[in-house]
Amino acid sequence: MRAAVVREYGTSEVVRVEDGYPAPPIQPRTVRVRIAAAAVNFSDVLITAGKYQMPAPLPFIPGSEYSGTVVEVGEVGEGVTSVAVGDQVLGAVFIGAFAEEIVAEASTVTKLPEGVDLQKAAAFGVAHRTAFHALRGFARIQPGEELVVLGAGGGVGLAAVQLGAVLGARVTAVASSAEKLEAARSVGAAALLNYKDGDLRQQLKVALPGGADVVIDPVGGALSEPALRSLRWRGRFVTLGYAGGEIPRIPLNLVLLKGVAVTGFQFIDYLTRAPAEMAEGDAQLMQLLAAGKAVPQIGASFAFEDVAAAMKHVEDGRAIGKVLVTF
């Protein structure tokens, strides 16, 4: 099969499309999916560079998010959701999605509602599921609350803006350009802050004089502390990753003085360690997708042969919404 392969750690330039790469064998409780589209996430860039918190052993196929059609089903054991040959699904893995086929645990794929476009599904899976579970399961967002979303122009950030608005929150979007903020406005942001325009802490004070109830942070770096300071008493801060390239060091006394809760959400851990909770939330999210209330924003699409260019687009911080590679 054709696959994008990493044989040495590095930037997107080390990714090579190879023909004749061995297709993975089917196993019990797994399914083989012919991939239609895969999304590029910043975690794929970090894994390729060998900078992710869990290293991938060389050589490997990067890619964590995909959609496609089930072409083979292994033995499905008790307690694992059954899917059939011909079902269209979306799925998430640690590595392996930038290839013509993937073999994945049956419990990690979700059957799509009738009529959902496969490219939209590939752009929907990780970003919207991360945002939804972070907002509902971890932040416990309530209608009428004030929500701050950092990195609001990226895939997860835009999904959090959109879903936060759908769930009834008033959303303040924080991003680095007018173009990214306009994308956030188009999916429901009520207030727009460009952190490059000046001190973010002061901007948040002006925008939210009463403080925020929830912060969703997929960025990290220098933005995290001023966002944490913007929380009112008993606010909730959810860290999702460090797309800014820097893990922040938060003064712990801020947590004490504000009485806030700081939690972390990592998609792949939740998927494997709390599958029942994940499935319950996914069912609600699929209803929003089918109803057109949750719609992924695809900012760029590349042919599979150009997967390295797609990764560089994300690596360079040029992505607005989701970036796809398609077969």
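The values are calculated or read from the model by the stated rules, or taken from the named source; none is laboratory data. The structure presented is a predicted model; accordingly, all values stated were derived computationally and were not measured. Positions of Cβ are generated from backbone atoms using ideal geometry, with glycine treated the same way; all protein chains shown enter the neighbour counts. These area figures cover heavy atoms from the full protein model, side chains too; ligands, DNA and RNA do not enter into them. Shrake-Rupley method; radii C 1.70, N 1.55, O 1.52, S 1.80 Å.
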Residue that is nearest to residue 321 (Cα to Cα), among those in segment 42-63 that are touching a residue at least 60 places away in the same chain (Cβ under 8 Å) and open to solvent by 10 Å² or more (accessible area, probe 1.4 Å): 42
State all residues of segment 217-235 that are open to solvent by 30 Å² or more (accessible area, probe 1.4 Å) and either among the aromatic types (Phe, Trp, Tyr) or in contact with a strand residue (DSSP E or B) (Cβ under 9 Å, 6 or more places away or on another chain) (or both); if no residue qualifies, say none. 232, 233, 234
What do you reckon, is residue 172 touching a strand residue (DSSP E or B) at 6+ places or on another chain (Cβ under 7 Å), open to solvent by less than 20 Å² (accessible area, probe 1.4 Å) and of a type in the set (Ser, Thr, Tyr)? yes
If I filter segment 93-137 down to residues being of a type in the set (Val, Ile, Thr) and within 21 Å of residue 292 (Cβ to Cβ), which single residue comes out as surrounded by the fewest Cβ atoms within 10 Å (Cβ to Cβ)? 116
In the set 168, 151, which member is touching a Pro at 6+ places or on another chain (Cβ under 9 Å), touching a residue at least 12 places away in the same chain (Cβ under 8 Å) and closer than 15 Å to residue 320 by Cβ? 151
Restricting to segment 236-262, what's the tally of residues that are loosely packed, with under 14 Cβ neighbours inside 10 Å and not charged (D, E, K, R)? 8
Mind listing whichever residues of segment 11-39 are touching a helix residue (DSSP H, G or I) at 6+ places or on another chain (Cβ under 9 Å) and either open to solvent by 80 Å² or more (accessible area, probe 1.4 Å) or of a type in the set (A, V, I, L, M, F, W, C) (or both)? 13, 14, 15, 16, 17, 29, 31, 35, 36, 37, 38, 39
For segment 191-214, indicate whether the set of residues that are open to solvent by less than 30 Å² (accessible area, probe 1.4 Å), within 29 Å of residue 49 (Cα to Cα), in contact (Cβ under 8 Å) with a residue 60 or more places away in the chain and touching a Lys or Arg at 6+ places or on another chain (Cβ under 9 Å) is non-empty. no
Looking at segment 145-157, which of the residues that are in a strand (DSSP E or B) and open to solvent by less than 20 Å² (accessible area, probe 1.4 Å) is nearest to residue 267 (Cα to Cα)? 149
Is it true that some residue in segment 23-34 is in contact with a Gly (Cβ under 7 Å, 6 or more places away or on another chain) and free of Cβ contacts under 8 Å to residues at least 60 places away in the same chain? yes
For segment 274-324, enumerate the residues that are more than 14 Å from residue 42 (Cα to Cα) and part of a strand (DSSP E or B). 298, 299, 300, 301, 302, 303
In segment 288-327, the residues that are more than 25 Å from residue 177 (Cα to Cα) and without any contact (Cβ under 8 Å) to a residue 60 or more places away in the chain: 291, 292, 303, 306
